[in-house]
Amino acid sequence: MTHISIVGAGFSGAVLARELAEAGCKVDVFDSRPHVAGNCHTARDAQTDVMVHTYGPHIFHTSNEKVWDYIRRFGEFVPFVNRVKAITGGRVFSLPLNLLTINQFFGKTFSPAEAEAFFKEVGDSSIESPANFEEQALHLMGRDLYEAFFKGYTTKQWGMSPSALPASILKRLPVRFNYDDNYYASRYQGIPRDGYTAVVENLLAHPDIRLHLGTRFERSYSSDYDHVFCSGPIDAWFGYDEGRLGYRTLDFVREDHTGDYQGNAVINYGDLSVPWTRISEHKHFAPWESHEKTVVFKEYSRLCDEADTPYYPIRLVAEKTLLSRYVERARQESKVTFVGRLGTYRYIDMHVTIAEALDTAERFKEGMGTDQPMPAFVVDPLG
Ligand code: UDP
């Protein structure tokens, strides 16, 4: 019997646990928190009865059919389209940038082709190969849209100038020359009817999975297992002894109201003068429910301190250099594989986490009963 230990009961850990238990392994899952589902955790709010996304809004989206089919075995996902609004300069617009945003912002009635031609005109063509977030935005949309929607928001979110950030962060968001205001370009989107925590609980509901909540996994426990999968922070595994990898964390300031506070699940705030990045009103993530009261969270981003919850890996040059030292050490370990957002220090969404956990489980199963070693990483964290 193969004994597996998994650090972290988020999507990475839960999918791995399930797959390996179904393959005949005995699995122990450890999480230092008192609940499963990591930062996707949801809980029914005692005051309002609203299903609250405790660590901020999570909208499940993927174009990966395998992931979509897999996750729906563990809970019903109700179709949900995230239609974000943005307030900037005292006006409200639609996000991601689409034809309505462009036309309203410039007071125009452009057709798709006209808007595209206009973008070519206002985009900074002197920037041939954009080297950072700011250059990417200026190249693509010009200064006015960049300053209204991205400069202030990104400065608040990351605590630094967008010129210091990689262009890849901007590329998360589509720009559309039509009226499609769906925040995501993914084929499948939805929100679990009973919340993410119920989905993760269902993943973990297997007779060969034992769950240890409120329990920090110590490296010394590793000797009791044939293999460990760590979805916790890679620097924590090594006792932070090379230094701490930088993260952004979030503070959520709660307000309770009656009725409808903002008329939408998420409203972003583009102005630097407004200290929060966005406000989310969680009952709008479950439009199939009805609640008289409402709860909203103003979201503030700041540098993650030792006692805080890590959310967004910063991944600039200094962090990547430090990461490479941990990666080198991880590759010298023989019985541990690092997975997920924290284990690989990458800004990845839920569906990517699930796809990678399924691949990792597959890789491990192929090697079972052979002397083929399991690598420290199935996806290169430096790639
Ligand atoms: N962003 C922005 N303005 C917005 C929304 C996003 O400048 O109104 C930038 C910001 O830098 C953010 C990135 O785009 O970090 C990715 O946004 P996304 O909504 O994907 O972030 P998440 O939901 O993961 O926080």
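Solvent-accessible surface of region 224-318, taken per residue with a 1.4 Å probe and all protein chains present: 44 Å².
Leaving ligands, DNA and RNA out of it, report the carbon-plus-sulfur percent of the accessible area of region 271-383 at a 1.4 Å probe.
Details: 2620 of 5280 Å².
Answer for region 271-383: carbon and sulfur cover 50 percent of the accessible area.
The simple spin-label model puts a point 7 Å past each Cα toward its Cβ; for E306 and E255 those points are separated by 3.5 nm.
Sorting 29-37, 219-227 by their mean Cβ neighbour count within 10 Å, with the most densely packed peptide first, gives 29-37, 219-227.
Under 11 Å from a label point set 7 Å out along the Cα-to-Cβ vector of R193, the amide N atoms of region 60-85 belong to 75-79.
Just the number, please: carbon plus sulfur as a percent of the accessible area of region 1-94, 1.4 Å probe, no ligands or DNA/RNA counted. Please list the in-between numbers first.
On the way: 1730 of 3400 Å².
About 51 percent, which is the carbon plus sulfur part of the accessible surface.
Can you compute the FRET efficiency between A43 and S168 using 1/(1 + (r/R0)^6), with r the Cβ-Cβ distance and R0 = 25 Å? Round to the nearest 0.05.
0.15
Consider a paramagnetic label point 7 Å from the Cα of Q104 along Cα→Cβ; state which residues of region 161-195 have an amide N under 16 Å from it. So the set is 176-183.
Here the Gaussian network model covers the chain, with springs between Cα atoms less than 10 Å apart; of G24, G107, G152, G107 fluctuates the most. Binning the C-alpha pair distances of region 14-75 at 10 Å intervals from 0 yields a P(r) profile of 17, 37, 36, 10, 0 %, listed from the shortest bin outward.
Solvent exposure of region 26-140, expressed per residue, is 45 Å² of accessible area, with all protein chains present and a 1.4 angstrom probe.
If you take all C-alpha pairs in region 134-192, what percent of them are over 20 Å apart?
Working: 557 of 1711 pairs.
The proportion of pairs with Cα distances above 20 Å equals 33 percent.
Residues in region 173-178 carry Karplus couplings, in order, of 9, x, 10, 10, 9, 9 Hz; the curve used is 6.51 cos²θ - 1.76 cosθ + 1.60 with θ = phi - 60°, and Gly or Pro positions show x. The Rg/Rh ratio for region 303-383 is 1.00, where Rg is the radius of gyration of the alpha carbons and Rh is the Kirkwood radius. Note on H35 and R91: the model spin-label points, each 7 Å out from Cα along the C-beta direction, lie 4.0 nm apart. For the chain, modelled as a GNM whose springs connect Cα atoms under 10 angstrom apart, the maximal fluctuation among L303, L316, L145 occurs at L316. Evaluating kT/(6 pi eta Rh) at 20 °C and 1.002 mPa s, with the Kirkwood radius of the chain over Cα pairs in the Stokes-Einstein relation, gives 96 µm² s⁻¹.
So for the chain, averaging the separation of alpha carbon pairs under 8 Å that are six or more residues apart and normalising by length, what relative contact order in percent results? Show your work: numbers first, answer last.
Values: 754 pairs, mean separation 92.7, N = 383.
Relative CO of the chain lands at 24 percent.
Across region 293-383, C-alpha contacts under 8 Å between residues 6 or more apart give a mean separation that, scaled by the residue count, equals a relative contact order of 33 percent. By a 1.4 Å probe calculation restricted to protein chains, K298 has an accessible surface near 30 Å², given to the nearest 10.
Taking a threshold of 31 Å on the Cα-Cα distance, which of the pairs K151/K293; K108/K171; K66/K156 fall above it? In this structure, K151/K293; K66/K156 lie more than 31 Å apart at Cα.
Counting only DSSP beta bridges with both residues in the chain, the antiparallel share comes to about 65 percent.
The values are calculated or read from the model by the stated rules, or taken from the named source; none is laboratory data. Note that the coordinates shown come from a computational prediction; the quantities given were computed from them, not determined experimentally. Cβ coordinates were reconstructed from backbone atoms using ideal geometry, including for glycine residues, and neighbour counts include every protein chain displayed. Heavy atoms of the whole protein, side chains included, go into the accessibility calculation; ligands, DNA and RNA do not. Shrake-Rupley method; radii C 1.70, N 1.55, O 1.52, S 1.80 Å.
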